[in-house]
1. What order do you get for 103, 25 when you list them from fewest to most C-beta neighbours inside 10 Å?
2. Rounded to a whole number, what is D in µm²/s for segment 126-215 from Stokes-Einstein with the Kirkwood radius over alpha-carbon pairs (25 °C, 0.890 mPa s)?
3. Run the numbers on segment 1-145 and let me know its relative contact order in percent, using alpha-carbon pairs under 8 Å that are six or more apart.
4. Principal axis lengths of segment 2-119 from Cα atoms, whole Å, largest first?
5. For 56, 172, what ranking results if the residue with the fewest other Cβ atoms within 10 Å of its Cβ goes first?
6. Among 82, 92, what is the fewest-to-most ranking by other Cβ atoms within 10 Å?
7. Rounding to the nearest 10 and keeping the result within 0 to 90°, find how far the Cα-based axis of helix 105-119 lies from the longest principal axis of the chain.
8. On a 0 to 90 degree scale, rounded to 10, what angle separates helix 10-22 from the longest Cα axis of the chain?
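Values in this text are rule-based calculations from the coordinates and carry no lab data. Not measured: the values here are computed from a predicted model. Reconstructed Cβ throughout: ideal geometry from the backbone, glycine too, with neighbour counts over all protein chains shown.
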């Protein structure tokens, strides 16, 4: 899942990016409201983590402009404003969730997984496709009941394919959702990940649609 983090505290933003990346999210970061609004016009994102104390405009104004444009992208407000009145104002202003600072990283990740399930074919953290099971909460993959250890990129690739079971994902679509802005991607990186992942999955589970991309069986 692609996350746009809007946070002007550089050290906090760096910590969040590292932690959420380890949780399997792809995180892009901007430090102002104007940059956030501009990014959402041109770059894909599934959810926004929005600080309210931004240097150029209040986060609530960013939220109002976003909702005024008709975009229904989920927004999780992450802020030091922690009174009940602040929470009500944020939620009534169009936020989908509100998490006061300080917070536990595990709780933030869990709340993001709620949004992820809303976007997914699965209503729970467990996605099953034939003999393959993927638990997004535990970061566990099993084939035929046996746990399979996957590097982060292979896990992300499998998750993307299983969430879109029966659909063909293009190379560009996969790379967009596996890498953050500015990350260098080797020309054959995706093919290498697919090659290694295939060795750990049932035979024929990942299919190549020549000239288009990859798919796994529909459920």
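1. Ranking 103, 25 by Cβ neighbours within 10 Å, fewest first, gives 103, 25.
2. Answer, rounded: 182 µm²/s.
3. 17 percent
4. 34, 32, 30
5. 172, 56
6. Ordered by Cβ neighbours within 10 Å, fewest first: 92, 82.
7. Between helix and principal axis, roughly 70 degrees.
8. 30 degrees
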